[in-house]
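See below for the structure under consideration.
The values are calculated or read from the model by the stated rules, or taken from the named source; none is laboratory data. Small disclaimer: the values here were computed from a predicted structure and weren't measured. Every residue, glycine as well, gets a Cβ built from its backbone with ideal geometry; the counts of neighbours run over all protein chains shown.
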Amino acid sequence: MKNTETAYYSIHKIMMRFIIFIMSMNLIHAQSSSEIYKSIQKLNFLGSVLYVAAHPDDENTRMISYFSNHLLARTAYLSLTRGDGGQNLIGSELREALGLIRTQELLSARRIDGGEQYFTMASDFGYSKHPDETFSIWDKEKVLSQTIERIRQFKPDIIINRFDHRTPGKTHGHHTSSAIISTEAFELSGSKNAFSISEIWQPKRLFFNTSWWFYGSREKFNKSDRSNLIEFDSGVYDPLTGKSNSEIAAMSRSQHKSQGFGSAAQQGRQVEYLELIKGTPLKSNNPFEGINTSWTRLAGGAEIEKLIIDVINEFNFSKPYLSVSKLVLAYDKIKKLKNKHWSEIKSKEIEGVILRCLGVDLQVNASVPYAIFGEEINIIIKAVNPSPIKVIIKQLEKIKQTESIEKLLVQNLVFKKKLKHIIKGEISSPYWLSEESSTGMYSTSKKNLIGLAETPAAIVIDFTLLIEGVEIKATLPLSYRKTDPVRGEVVVPFQILPATTTQIEEPVYLFSGKEKKSINIKVKNNGESFEGNIHLKGNKHWKISPENHSIVLMERVPRKTFHLK
């Protein structure tokens with residue numbers, strides 16, 4: 001797993017085994033009127049929460065869903081590791097390959113509970129008894145600086161730790177370490193003298209998400225002094241979705257399939273507890289008490305708030321497109337805000353809301369699922385506008401190449417356009433696996449990617465749409481679609497591959513004395529044709545025959561096996 005080809009082979013194998021349906025936040029996927037209405041309500045909340053723990057499945061999905069779907073806050077989970085050291089109940093993949101699976105499980109969970117997902121470059125090296133041991137293997141300064149950088153970029157008003165930083169040795173060392181890192185980062189993220197990578201940010205409060213489990217038993221918890229805790233019912237029911245928060249959380253939790261965390265929703269009242277660790281004291285059970293989460297926290301925000309309140313009050317569930325005129329006005333004002341952080345976040349949110357109100361469906365499809373450097377592929381653009389509102393595709397942009405379109409989308413008629421594209425990008429590979437790593441830390445020279453859940457899409461298309469006289473942006477990653485006889489339509493990310501990939505057939509070969517054995521090497525050609533040599537490197541006491549094996553592979557042949565002795 002230390003080179004691009006091997007890293008690619010693992011992720012490609014996992015994707016073929018666990019077909020990944022693209023439903024990322026970059027896609028304009030359809031929503032019901034009630035879902036659109038809830039998205040419009042969320043436009044009017046300007047508060048952020050960052051939940052912090054050590055591994056995939058450590059997060060409290062009920063808490064993440066509560067903040068995201070009930071309080072309507074921008075919510076994210078920062079998992080310090082990708083869970084590479086865990087078990088795997090659904091396959092044989094371990095270590096880096098398991099980390100890839102668990103990353104996808106987290107992304108699937110966030111698509112359900114509405115959170116965002118981030119990481120540090122720390123590796124889950126297995127069970128650790130104490131944070132001192134953990135920090136002797138992790139590079140604490142790097143993990144701390146990456147956590148601070150995430151806080152400064154995400155700008156949370158509130159940080160919530162899943163674990164207690166004051167109890168080293170009582171649980172997994174990674175668990176306590178995540179709380180220690182988060183607690184230190186809370187203090188340092190607002191300091192100009194600490195890791196001055198980007199603009200400083202000071203969160204208002206730091207909480208510990210405690211429960212009876214941390215007290216040893218429900219009986220001990222019930223007898224304890226809970227006057228320093230705030231509590232609220234996270235089992236609330238939402239008539240817009242027809243689900244309780246517990247149901248959404250259970251569906252999210254159940255995505256952690258490799259760890260066997262399939263969950264059933266708990267009915268009725270479900271109390272969550274937060275202990276204030278640092279920050280402004282509270283007089284109520286509202287964790288956002290005293291924090292302005294309305295548009296008035298921004299200069300020029302009051303006008304935007306009024307427009308969105310009007311949209312909420314006037315929303316027509318049968319004709320959501322009637323909200324577009326005022327949403328476009330709000331969008332224009334959001335783009336002009338001096339606060340670039342909230343301007344960027346809310347611009348993306350409202351772009352999606354506008355297109356969903358219209359029912360606009362945009363697709364960017366490749367003619368093939370993958371290609372290699374230098375190959376030419378076809379890209380098929382498809383767009384449909386089922387609403388009576390005028391929508392014009394003004395231009396398309398790919399890899400900084402802009403093409404003027406000026407095409408009016410006729411109501412409910414599909415617009416199609418074919419583009420040619422020559423592949424020039426880097427090989428699609430998990431950025432944290434592309435360079436040499438240590439036991440405790442992954443490494444990458446691409447500093448701008450650190451913390452992201454995945455390597456960004458190989459190719460994206462930027463749409464500029466003209467709606468109500470205002471330019472609206474939409475960005476979609478290039479995808480490949482096919483119809484599977486069992487699954488129906490399957491959508492997978494388009495990938496750029498190396499010209500060939502290789503794999504030794506068996507992971508381990510045992511030799512006895514001077515015994516000879518045949519070693520089988522599988523080679524797959526991913527392009528039009530390939531000519532080259534296979535050379536197996538051994539020490540000076542080994543004799544390998546042939547020393548060089550000439551190979552000729554024709555266009556995209558199935559994996560071919562070569563024998564060396």
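Residue by residue, here is whether (1) without any contact (Cβ under 8 Å) to a residue 60 or more places away in the chain; (2) touching a Leu at 6+ places or on another chain (Cβ under 9 Å); (3) under 22 Å from D361 (Cβ atoms); (4) among the aromatic types (F, W, Y) holds:
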| position | (1), (2), (3), (4) |
| --- | --- |
| E426 | no, no, no, no |
| Y431 | yes, yes, no, yes |
| M441 | no, no, no, no |
| I450 | no, no, no, no |
| V460 | no, yes, yes, no |
| T464 | no, yes, yes, no |
| I467 | no, yes, yes, no |
| V470 | no, yes, yes, no |
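Apart from one condition, S246 fits all of (1) in contact (Cβ under 8 Å) with a residue 60 or more places away in the chain; (2) of a type outside the set (A, V, I, L, M); (3) in a helix (DSSP H, G or I); (4) touching a Leu at 6+ places or on another chain (Cβ under 8 Å); the exception is (4). For the range 324-347, give me each residue that is out of contact with any helix residue (DSSP H, G or I) (no Cβ under 9 Å at 6 or more places or on another chain) and of a type in the set (S, T, N, Q). Matches in the range 324-347: S325 only.
Give me the strands (runs of 3 or more DSSP E) completely within the range 348-444, filtered to those with at least 1 residues that are among the β-branched types (V, I, T), at pLDDT 95 or above and surrounded by 14 or more Cβ atoms within 10 Å (Cβ to Cβ), ordered by residue number. Walk me through it before giving the result.
Values: elements: 361-366, 370-372, 376-384, 391-398, 401-408, 415-422.
Counting at least 1 such residues, we get 361-366, 376-384, 391-398.
For the range 457-469, the set of residues classified as in contact with a helix residue (DSSP H, G or I) (Cβ under 9 Å, 6 or more places away or on another chain) and either acidic (D, E) or modelled with pLDDT of 95 or more (or both) consists of L465, I467, E468, listed by residue number. If only residues of the range 314-363 that are out of contact with any strand residue (DSSP E or B) (no Cβ under 8 Å at 6 or more places or on another chain) and β-branched (V, I, T) are counted, the one that is farthest from L408 (Cα to Cα) is I334. When the strands (runs of 3 or more DSSP E) confined to the range 470-552 are screened for residues that are loosely packed, with under 14 Cβ neighbours inside 10 Å and outside the structural domain of S428 (by TED's automatic domain parsing), those reaching at least 2 such residues are found at 530-534. Highlighted here would be helices (runs of 4 or more DSSP H) found entirely within the range 1-115 that include at least 2 residues which are at pLDDT 95 or above and in the same structural domain as K482 (by TED's automatic domain parsing), but there are none. Selection over the range 302-323 of residues that are touching a residue at least 60 places away in the same chain (Cβ under 8 Å), in contact with a helix residue (DSSP H, G or I) (Cβ under 9 Å, 6 or more places away or on another chain) and within 24 Å of L337 (Cα to Cα) gives a count of 5.
Flag set for R102, criterion: more than 30 Å from Y237 (Cβ to Cβ) and either more than 18 Å from the chain's Cα centre (by Cα) or crowded, with 19+ Cβ neighbours inside 10 Å (or both). One residue alone among S128, S65, S108, S79 is of a type in the set (S, T, Y), in contact (Cβ under 8 Å) with a residue 60 or more places away in the chain and buried (at least 22 other Cβ atoms within 10 Å of the Cβ), and that residue is S65. The residues on offer are Y127, Y118, and the sole one that is closer than 30 Å to D238 by Cα and not in a helix (DSSP H, G or I) is Y118. Within the range 152-179, the set of residues being of a type in the set (A, V, I, L, M) and surrounded by fewer than 23 Cβ atoms within 10 Å (Cβ to Cβ) comprises I158 only.
Would a scan of the range 258-266 turn up a residue that is touching a residue at least 12 places away in the same chain (Cβ under 8 Å), exposed (fewer than 13 other Cβ atoms within 10 Å of the Cβ) and either touching a strand residue (DSSP E or B) at 6+ places or on another chain (Cβ under 9 Å) or not in a helix (DSSP H, G or I) (or both)? Yes, there is a match, as at least one residue in the range 258-266 is touching a residue at least 12 places away in the same chain (Cβ under 8 Å), exposed (fewer than 13 other Cβ atoms within 10 Å of the Cβ) and either touching a strand residue (DSSP E or B) at 6+ places or on another chain (Cβ under 9 Å) or not in a helix (DSSP H, G or I) (or both). Across the range 213-222, not a single residue is classified as surrounded by 21 or more Cβ atoms within 10 Å (Cβ to Cβ) and farther than 21 Å from I64 by Cα. Within the range 515-561, being among the polar types (S, T, N, Q), in contact (Cβ under 8 Å) with a residue 24 or more places away in the chain and farther than 30 Å from Q495 by Cα holds for one residue alone: S518. Taking the listed residues V492, V486, the one that is farther than 24 Å from N525 by Cα and at pLDDT below 95 is V486, with no other qualifying. Within the range 137-196, the residues that satisfy the criterion of being in a loop (DSSP other than H, G, I, E, B), under 24 Å from the mean Cα position of the chain (by Cα) and not small (G, A, S) are W138, D139, K155, P156, D157, R162, F163. Does the range 369-411 hold any residues that are in contact (Cβ under 8 Å) with a residue 40 or more places away in the chain, farther than 23 Å from A30 by Cα and small (G, A, S), and which are they? A371, G374 - these are the residues of the range 369-411 that are in contact (Cβ under 8 Å) with a residue 40 or more places away in the chain, farther than 23 Å from A30 by Cα and small (G, A, S). In this structure, E199 qualifies as of a type in the set (D, E), assigned to a loop (DSSP other than H, G, I, E, B) and touching a residue at least 24 places away in the same chain (Cβ under 8 Å).
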